[in-house]
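The values are calculated or read from the model by the stated rules, or taken from the named source; none is laboratory data. Source: prediction; values computed, not measured. So basically every Cβ, Gly included, is an ideal-geometry build from the backbone, and we count neighbours across all protein chains shown. All accessible areas refer to the heavy atoms of the entire protein, side chains included, with ligands and DNA or RNA removed. Shrake-Rupley method; radii C 1.70, N 1.55, O 1.52, S 1.80 Å.
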Amino acid sequence: MTAKEYLSQAYRLDQRIDSKIAQVASLNDLATKCSATLTGMPRNPNRCGSTMADAVCKIVDLQEEINRDIDRLVDLKREIVAVIKAVENPEYQVMLEKRYLSFQTWEQIAVDMNYSIQHIYRLREKAYAAVQVPEG
């Protein structure tokens, strides 16, 4: 695994968590859309309850997945912090932290560090070379 692939894991995991949170919100909407229709015809009284119960079960399962993913993200960020701190150049450390822990764009990092984007790209390659990716 390259340094970039290793460091990018946190961003991808964060994106998956955001996606699951959006799914929970969608399921919450679905669960609350059940409405009663008043007619003279008898209906199955559990029709809406079943949809709501299914949605609630899916919500609970997704929330458990989200919690596991958040735990993994925290652990992964802790690992990434240790890897970045092992890089000797403080300038590289700042740049890598902004990118892979704060999820800033390279353009934003260039502005924050008062460098041109071309210079940031040159530094980026040197920083990747300085990263020691853990085995396994």
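Within 20 Å of the chain's Cα centre (by Cα) and β-branched (V, I, T) - does that describe any residue in region 85-103? Scanning region 85-103, I find no residue that is within 20 Å of the chain's Cα centre (by Cα) and β-branched (V, I, T), so the answer is no. Tally up the residues in region 80-108 that are open to solvent by 80 Å² or more (accessible area, probe 1.4 Å) and either under 25 Å from K20 (Cα atoms) or among the basic types (K, R) (or both), please. The number of residues fulfilling the criteria is 1. Considering region 112-129, and only residues there that are closer than 13 Å to V94 by Cα and of a type in the set (A, V, I, L, M), the residue that is most open to solvent (accessible area, probe 1.4 Å) turns out to be M113. Say we look at region 77-136 and pick out the residues that are among the polar types (S, T, N, Q) and touching a Lys or Arg at 6+ places or on another chain (Cβ under 7 Å); which of these is nearest to A10 (Cα to Cα)? Among them, the one singled out is Q104. Inspect region 61-73 for any residue being within 30 Å of E125 (Cβ to Cβ) and either open to solvent by less than 50 Å² (accessible area, probe 1.4 Å) or without any contact (Cβ under 8 Å) to a residue 12 or more places away in the chain (or both) and give the result as yes or no. Scanning region 61-73, I find at least one residue that is within 30 Å of E125 (Cβ to Cβ) and either open to solvent by less than 50 Å² (accessible area, probe 1.4 Å) or without any contact (Cβ under 8 Å) to a residue 12 or more places away in the chain (or both), so the answer is yes.
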